[in-house]
1. Using only C-alpha atoms and all pairs of different ones, pull out the Kirkwood radius for the chain in Å with one decimal.
2. What do you get for the angle between helix 245-254 and the principal long axis of the chain? Use alpha-carbon atoms, 0 to 90 degrees, nearest ten.
3. Computed FRET efficiency, Cβ-Cβ of residue 329 and residue 37, R0 30 Å: what is it to the nearest 0.05?
4. Determine the per residue accessible area of the chain with all protein chains present and a 1.4 angstrom probe, expressed in square angstrom.
5. Over the chain, with every protein chain in place, what whole percent of the accessible area is carbon and sulfur at 1.4 Å, could you tell me?
6. At what distance in nm do the modelled label points of residue 317 and residue 293 sit from each other, each positioned 7 Å from its Cα along Cα→Cβ?
7. Going highest first, how would you order 190-200, 118-128 by mean Cβ packing within 10 Å?
8. Subtract the Cα-Cα distance of residue 352 and residue 116 from 0.36 nm times their separation in residues, and report this length gain in nm to one decimal.
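The values are calculated or read from the model by the stated rules, or taken from the named source; none is laboratory data. Computed from a predicted model, the values in this text were never measured in an experiment. Note that each Cβ is placed from the backbone with ideal geometry, even for glycine, and that neighbours are counted across all protein chains shown. Surface accessibility is based on the protein's heavy atoms, side chains included, excluding ligands, DNA and RNA. Shrake-Rupley method; radii C 1.70, N 1.55, O 1.52, S 1.80 Å.
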Amino acid sequence: MQYTEIMVRYGELSTKGKNRKDFINRLAGNVQKVLRDFPDLAIKTHHDRMHIILNGTPFEKVDERLKLVFGIQTYSPVIRTEKTLEEIEKTALELMQATYKEGMTFKVNTRRSDHKYEYDTNQLNQLVADYLYNHMTGLQAEMKRPDMVLRLEIRQDGAYISNQLLHGIGGMPVGTAGKAMMMLSGGIDSPVASYLAMKRGVDIEMVHFFSPPYTSEKALAKAMELTSILAKYCGKINFIQVPFAEIQETIKEKLPEGYLMTVQRRFMLRLADMIRAKRHGLAIFNGESVGQVASQTLESMAAINDVTATPVIRPVATMDKNEIIAKAEEIGTFDLSIQPFEDCCTIFAPPRPKTKPKIDKAREYEARLDVDGLLERALAGVKVTPIYPGQKFIDNIADEDAALL
């Protein structure tokens, strides 16, 4: 069946009052980014609907992308036609013949925003249903819980006909809640935290710490590819890689083993905060889950958070590991997250880290270091890369390695 457009219905945007227009415009921009590979599409926004004009593009291809865009409650592939009864009946019949399966029940449901139309909703429901019965066999009507609802919308500019109501991912359009930095490791938790942040409208930029030569190029590529998977929910994510080897070497050389992890994390948070300020972010997100590892006890979180007054938000803080894994599998990051390319957190992890570090002790040990110099040199090596859905990074490195052999 050749649909002419997709009718998108907004989610929580209906509660946004005077800001509604800004939210709709942001959603339209996100949809445009996600569908950038389809140049024939045209997007038109209205206060209660968004219309994606297909112009010959198959609905199925667009559907694969659209169902992942935050801020969409429901959507339907529709056929727009003239408002004459003859055209409505003809189009309704073609759609039903193409999609109705034997044994299904159905009903006709009409809505009118053009209240001057010659037929009211009940009349049009009856006229179209009678026409279908006269031209198809085996139809079964059911008013309460039909298998299929043939929806007719009579608007000022035409009649819109559909029989699918598809559910979007919900949430808020990415960007409507402002920008934040996400501290992305190569593990399971931080990609899930990223997904949950974006679902609430946060425009995230990934901050990833890497420590060559202790960490491999594949570890960095893994984090970039995780970002590419997450970018399918918003169209693009900036990936910010921060060199961290000098800081880790210095801490390991000069500080007691028990506080290596605490001080490392304090440096990471400082750097994330400095990047946030430079890039006009409002908060920092991470993938910490309370009590999961030594650096994620409440005492550790307090000692690490001591370095900033910026909000540090932990979307998976109260989820257990099985819940996080289930969500990672759902969003498509799990299989990549468990690939054995070690990041800088695991490379320099001490065997016996403090689970209840003291803030004053952390400050005291840091005073032995050239904190400002270490931070300045790390920031000087920062690199920002825009990442788009579907990009591959690990395979490219494998190909380069093979070429060298």
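1. 24.2
2. 40
3. Details: r = 26 Å, r/R0 = 0.87.
The calculated FRET efficiency here is 0.70.
4. 47
5. In the chain, the share of accessible area belonging to carbon and sulfur is 49 percent.
6. Roughly 1.9 nm, to one decimal.
7. Peptide ranking by packing, descending: 190-200, 118-128.
8. Once the chain is fully extended between residue 352 and residue 116, it gains 77.3 nm.
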